[in-house]
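Notes to accompany the following structure.
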Amino acid sequence: MREFQKKWAQRVFTVDMLFVAVVALVASLIGAWLKQYPVFSLFGALIIALLIGMLVQFPIRRWYVGTADDAAANAKSGASAGAAVAARTSQQRRAGVKDAAGLISNKLLRLGIILLGFKLNLTVLFTQGIKCLPIAALVVTFTIVVTYAIARRLGVDPMLAILVAGGTGICGAAAVMGLSGSIRVPEERETEKADDVTMAVATVAIMGTVFALAEIALGPLTGMSHTQLGITAGASLHEIAHAVAAGAAFGAVDIAAIMKLSRVLMLVFAAVIIAIWWDKRHSQVAGDVRRVVAFPWFMLGFIAASVIGTFVPFVAAITAQLVNIAYIVLGMAMAALGLTVNFKAIVAQGRRVFLASFLASILLMFLAAGIAILFF
């Protein structure tokens, strides 16, 4: 136990951890501030925090980490003993920043998802939204299966394909990060997993924004009622921010939000099912070793937060504040993720995964509109 505590203390209480935590917090707070403005509100605080993290990695490499490659080259050429020391310091800082960013994105993700559970009012869902729950189950199942099938057909690797499918079908960036906890990979593939998470988040953010604008522009031309347009937005748009923005434009923000939150609830079931599926189909554990499914235990915390937020009066009174904290924490996780983005990996698979998400989003929009017309 003492060794465990010592190991974690050495990882947590470092200058690099403090530096990355401050950068992530500032990025998250900026995202929370910018989301109140019209254009930025379509992206949401989490995507803004991710973008800030991706952008600041360049000055961090230049001024904090240092140019390790140049320092190492100087040391090899015998330029000075100081160059060798600079190379070692730069390499240590690079490793420290990477470890700190990985730890923050991993642990704060889970905490943020748990706190996000306070947003899910079960009483509203099981009364006003009772009709939305089976629709949400159908929509999420259809979207995940179809998006994954299209992505794999286009040559996207399984991990990225399932993350994009989950983000498209459930609730955008939060779903991508939540489902990533269901996917266990060897240590040598952790960097690849982080790149896939970033690519999936970027994909669903862009697609969600594009389709939100399309629905806002075209919705009134379809002759559908306000309620039908709200249901379509809640059932088809990727981020909660997208559904709320479109619902507000149609004068149906309440039903759009209820429909969207019904999809959010499906994250719990999807995370468990995908964990089992991934273990059976893509596990890299050797056959003679007992395989352990990467059950996303933090989802139990999500459910507990939903129950507490719904039925405990004094907690229900501060639900809005708890949800705001959840988005700050998730924003820090997203910003930390952005600090380690491999742009080459994103470019390599970007075109195929964007196409898969685009095609699936079109099918999802028509499915949602059809359901809205039939049942509302």
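Residues checked against (1) assigned to a helix (DSSP H, G or I); (2) open to solvent by 40 Å² or more (accessible area, probe 1.4 Å); (3) among the basic types (Lys, Arg); (4) at positive phi:
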site: Gly117; (1), (2), (3), (4): yes, no, no, no
site: Gly129; (1), (2), (3), (4): no, no, no, no
site: Ala136; (1), (2), (3), (4): yes, no, no, no
site: Thr141; (1), (2), (3), (4): yes, yes, no, no
site: Ala151; (1), (2), (3), (4): yes, no, no, no
site: Met159; (1), (2), (3), (4): yes, no, no, no
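The set of residues in the stretch 28-42 being in a helix (DSSP H, G or I), of a type outside the set (Val, Ile, Thr) and touching a helix residue (DSSP H, G or I) at 6+ places or on another chain (Cβ under 8 Å) consists of Ser28, Leu29, Gly31, Ala32, Leu34, Phe40, Ser41. Restricting the stretch 162-213 to residues that are at pLDDT 85 or above and part of a loop (DSSP other than H, G, I, E, B) leaves a set whose member that is surrounded by the most Cβ atoms within 10 Å (Cβ to Cβ) is Ile170.
Check whether at least one residue in the stretch 226-238 is at pLDDT below 90 and crowded, with 24+ Cβ neighbours inside 10 Å, and report yes or no. Yes - at least one qualifying residue is present in the stretch 226-238. Scanning the stretch 347-376 for residues that are under 20 Å from the mean Cα position of the chain (by Cα) and open to solvent by less than 30 Å² (accessible area, probe 1.4 Å) yields a count of 7. Return a yes/no flag: does the stretch 116-130 have any residue that is over 21 Å from Ile231 (Cα atoms), in contact (Cβ under 8 Å) with a residue 40 or more places away in the chain and not aromatic (Phe, Trp, Tyr). Yes, the stretch 116-130 contains at least one residue that is over 21 Å from Ile231 (Cα atoms), in contact (Cβ under 8 Å) with a residue 40 or more places away in the chain and not aromatic (Phe, Trp, Tyr). Figure legend. Inter-residue proximity from the stretch 187-216: first residues farther than 15 Å from Ala245 by Cβ, second residues of a type in the set (Phe, Trp, Tyr), beta-carbon distance below 6 Å, spacing 6+ or different chains. Indicated pairs: Thr203/Phe354.
Right, Ala174: free of Cβ contacts under 8 Å to residues at least 24 places away in the same chain and either touching an Asp or Glu at 6+ places or on another chain (Cβ under 6 Å) or not β-branched (Val, Ile, Thr) (or both) or not?
Numbers: free of Cβ contacts under 8 Å to residues at least 24 places away in the same chain: no; either touching an Asp or Glu at 6+ places or on another chain (Cβ under 6 Å) or not β-branched (Val, Ile, Thr) (or both): yes.
The answer is no for Ala174.
The values are calculated or read from the model by the stated rules, or taken from the named source; none is laboratory data. Quantities reported herein were computed from a predicted structural model and do not represent experimental measurements. Virtual Cβ from ideal backbone geometry, glycine too; neighbours counted across all protein chains shown. When the accessible area is computed, the model is the full protein with side chains, heavy atoms only, and any ligands, DNA or RNA have been set aside. Shrake-Rupley method; radii C 1.70, N 1.55, O 1.52, S 1.80 Å.
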